[in-house]
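Asks: Below is a structure I'd like to ask you about.
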Amino acid sequence: MVYKNIKLAVFTALTLTNFPVIAKKLTASDVNTKRTIHTCKKTDTSRDILACALYHEAGNQGYKGMQMVGEVILNRTQNKEFPSSVKGVVYQPYQFSYLRGDKRVKDKSLWLTAQTIANNLLVLNKYSPDYRKVVDTTKGSLYFKTTKSRASWTKSKKLKVKYKGHTFYK
């Protein structure tokens, strides 16, 4: 039992920190460029599709806000009412507002953060899905919206948590 707990603690520490593949020392010129760093598209990897959703839907919400949006997307992949893949969930019609607008990524620092969060969530979901559910800060939410928007569907859902500019529902 002790070995299993230590193994889980090490795994968690690795998945909740930046991976060297993604982490990079940034210079001032890297942060907000006028050039496009990435354009989000359907042919991206699951990690980049998830990172695009985090970047565009919650980039102004900080690390935790982006993580929470990622958790909702992964919660949907585990629910029979939604597609079973990240791509299927994100590209389901009328679900993510950023898909109707500019899909370009210009803030390199924010993009690297979104990629790191996406990678960590996908690794955790693949290798320890039960543990991911335990540490899910959205409490199993399947929906979210900005606090500024009104949505009739919220009447039939249970509010689970509020964080900065988003509310999360199940």
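The values are calculated or read from the model by the stated rules, or taken from the named source; none is laboratory data. The shown structure was predicted, so the numbers you read here are calculated from the model rather than taken from an experiment. Cβ coordinates were reconstructed from backbone atoms using ideal geometry, including for glycine residues, and neighbour counts include every protein chain displayed. Side chains included, ligands, DNA and RNA excluded: accessible areas come from the protein's heavy atoms. Shrake-Rupley method; radii C 1.70, N 1.55, O 1.52, S 1.80 Å.
Asks: Could you check residue 73 against (1) touching a residue at least 40 places away in the same chain (Cβ under 8 Å); (2) crowded, with 20+ Cβ neighbours inside 10 Å and say which number it fails?
Replies: Single failed check for residue 73: (1).
Asks: Also: Any residue in segment 94-109 that is more than 23 Å from residue 41 (Cβ to Cβ), among the hydroxyl-bearing types (Ser, Thr, Tyr) and open to solvent by less than 40 Å² (accessible area, probe 1.4 Å)?
Replies: Here is the first cut: in segment 94-109, the ones more than 23 Å from residue 41 (Cβ to Cβ) are none.
Checked against the condition, which is being more than 23 Å from residue 41 (Cβ to Cβ), among the hydroxyl-bearing types (Ser, Thr, Tyr) and open to solvent by less than 40 Å² (accessible area, probe 1.4 Å), segment 94-109 yields no hits at all.
Asks: Here is a further query. Counting only residues that are small (Gly, Ala, Ser) and touching a residue at least 12 places away in the same chain (Cβ under 8 Å), which one in segment 119-159 is least open to solvent (accessible area, probe 1.4 Å)?
Replies: So, considering only residues that are small (Gly, Ala, Ser) and touching a residue at least 12 places away in the same chain (Cβ under 8 Å), the one least open to solvent (accessible area, probe 1.4 Å) is 141.
Asks: Okay, next question. Somewhere in segment 80-88, is a residue more than 13 Å from the chain's Cα centre (by Cα) and more than 20 Å from residue 144 (Cβ to Cβ)?
Replies: Within segment 80-88, the first condition is being more than 13 Å from the chain's Cα centre (by Cα), and the residues that meet it are 80-85, 88.
Still in the running and more than 20 Å from residue 144 (Cβ to Cβ): none.
No.
Asks: Mind counting the residues in segment 109-124 that are more than 14 Å from residue 64 (Cα to Cα) and in contact with a Ser or Thr (Cβ under 8 Å, 6 or more places away or on another chain)? It would help to see each step written out before you state the result.
Replies: Going residue by residue through segment 109-124, those that are more than 14 Å from residue 64 (Cα to Cα) are 109, 111-112, 119, 122-124.
Subsequent filtering for residues that are in contact with a Ser or Thr (Cβ under 8 Å, 6 or more places away or on another chain) retains 122-124.
Qualifying residue count for the region: 3.
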